[in-house]
Amino acid sequence: MSLIGTKCVQAGYTPGDGEPRQIPIVQSTTFKYDTSEHMGQLFDLEASGYFYTRLQNPTNDMVAAKIAALEGGAAAMLTSSGQAANFFAVFNIAECGDHVVASQSIYGGTFNLLAHTLRKMGIELTFVSPDCTPEELDAAFRPNTKCVFGETVANPALTVLDIEKFAHAAHDHGVPLIVDNTFPTPVNCRPIEWGADIVTHSTTKYMDGHGVAVGGAIVDSGKFDWMAHADKFPGLCTPDESYHGIVYAEKFGQEGAFITKATSQLMRDFGSIQSPQNAFYLNLGLESLHVRMPRHCENGQALAEFLASHQKVESVNYPGLPGDPYYELAQKYLPNGSCGVVSFEVAGGRAAAENFMAALRLCAIETHVADARTCCLHPASSTHRQMTDDELIAAGIGPAMVRLSCGLEDKEDLIADVSQALETI
Ligand SMILES: *Cc1c(COP(=O)(O)O)cnc(C)c1O
């Protein structure tokens, strides 16, 4: 099973003789054992098995195994949301007194998590431009830096991360690179192949693809040598007193340490598990991910080209457009396409954008992105409405900026809708 489409359909679960063809939903909080000794071995992490769904559940594990296979990782886990995935990925290796380097071009929720909530927990952040020089990136590190964070294609700025540049810098400083790969999905980019160590997802977006279930995932490449940097990662390389003195990097090795620790410590204590029912829905989405992504990209490209040539549009951001600042990086990292999200500025400012939004018929107004139905957002009048025009411009979100997430409809109908809405301005 070497190709991505086959993995989307079949990885993670191989039924035995007479077993269910589709993954079973193990809708059970707990699991029954014949002896306390056997259960004790599970609690000591001496034997593998299930005892409580907050830590592990067979349905979730099958879907996590599929996502690990898609990303080319060694191990993976599901979380209740993308926010939980990014929080766990960072907090598994950084704690009070530590420092993180992150690209400033990231999803707003992740920016808040890193810049505000982690700071309250004693973790300091340094943000860098995704376009920084290697020297600028190097200068962002401190002796207590524990990881580097970025997004392959940032939501909503649509900047493309130079993964190799960020991976080299991280590895030069003895720390892993964490990449949120939500927008391209492993169908369009596999960051581990470019040097990323840990990959995260909001599975709520294209992986689910139907706007059905909020969820997240963390994939570990198994390639980062924690023991070679044991002084930086005491959580993985020294005994865990809350688990009878287990040393994760010794007992579970380079391939198992990160996910085992995140499951047995962070999931145990924070409890952000995905429900098995939602994992089942996620798997249905994954089964067609490789068929849907090219269509999202085809529609995104068509809309971006249409908008770029329209008089009532001031500017368009889409990494697949020749002339886009990220076109070259997209050609390198995303040769088959990036995603279906396009952002653009309507000519005529905030009022014109509001006008445009009101005139849309097929494209629905939603805060969501990346599902089968095309949706559209005017940040200045919704998610960012508390900000003044000057603040919006400083944040890179102009008052006339519109974010369009192209779904799976026929592109001619999408262009017709956007076209008639532009004509009303
Ligand atoms: C939506 C999103 C998140 C947050 O995921 P939720 O599932 O909404 O918690 C994180 N990163 C990116 C890139 C996203 O688009």
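The values are calculated or read from the model by the stated rules, or taken from the named source; none is laboratory data. Being a predicted model, the structure only gives us computed values, none of them experimental. Virtual Cβ from ideal backbone geometry, glycine too; neighbours counted across all protein chains shown. The area values use the complete protein model at the heavy-atom level, side chains included, leaving out ligands, DNA and RNA. Shrake-Rupley method; radii C 1.70, N 1.55, O 1.52, S 1.80 Å.
Things worth noting here:
- Candidate set: the stretch 238-249, residues that are closer than 18 Å to LEU42 by Cα and part of a helix (DSSP H, G or I); chosen: the one most open to solvent (accessible area, probe 1.4 Å): GLU241
- Taking the criterion of being without any contact (Cβ under 8 Å) to a residue 40 or more places away in the chain, open to solvent by 40 Å² or more (accessible area, probe 1.4 Å) and assigned to a loop (DSSP other than H, G, I, E, B), the residues of the stretch 301-324 that qualify are SER309, GLN311, PRO322, GLY323.
- Residue within the stretch 114-137 that is under 23 Å from GLY211 (Cβ atoms) and open to solvent by less than 30 Å² (accessible area, probe 1.4 Å) present: no
- Taken as a whole, the condition of being more than 18 Å from VAL214 (Cα to Cα), at pLDDT 95 or above and surrounded by 19 or more Cβ atoms within 10 Å (Cβ to Cβ) does not apply to LEU78.
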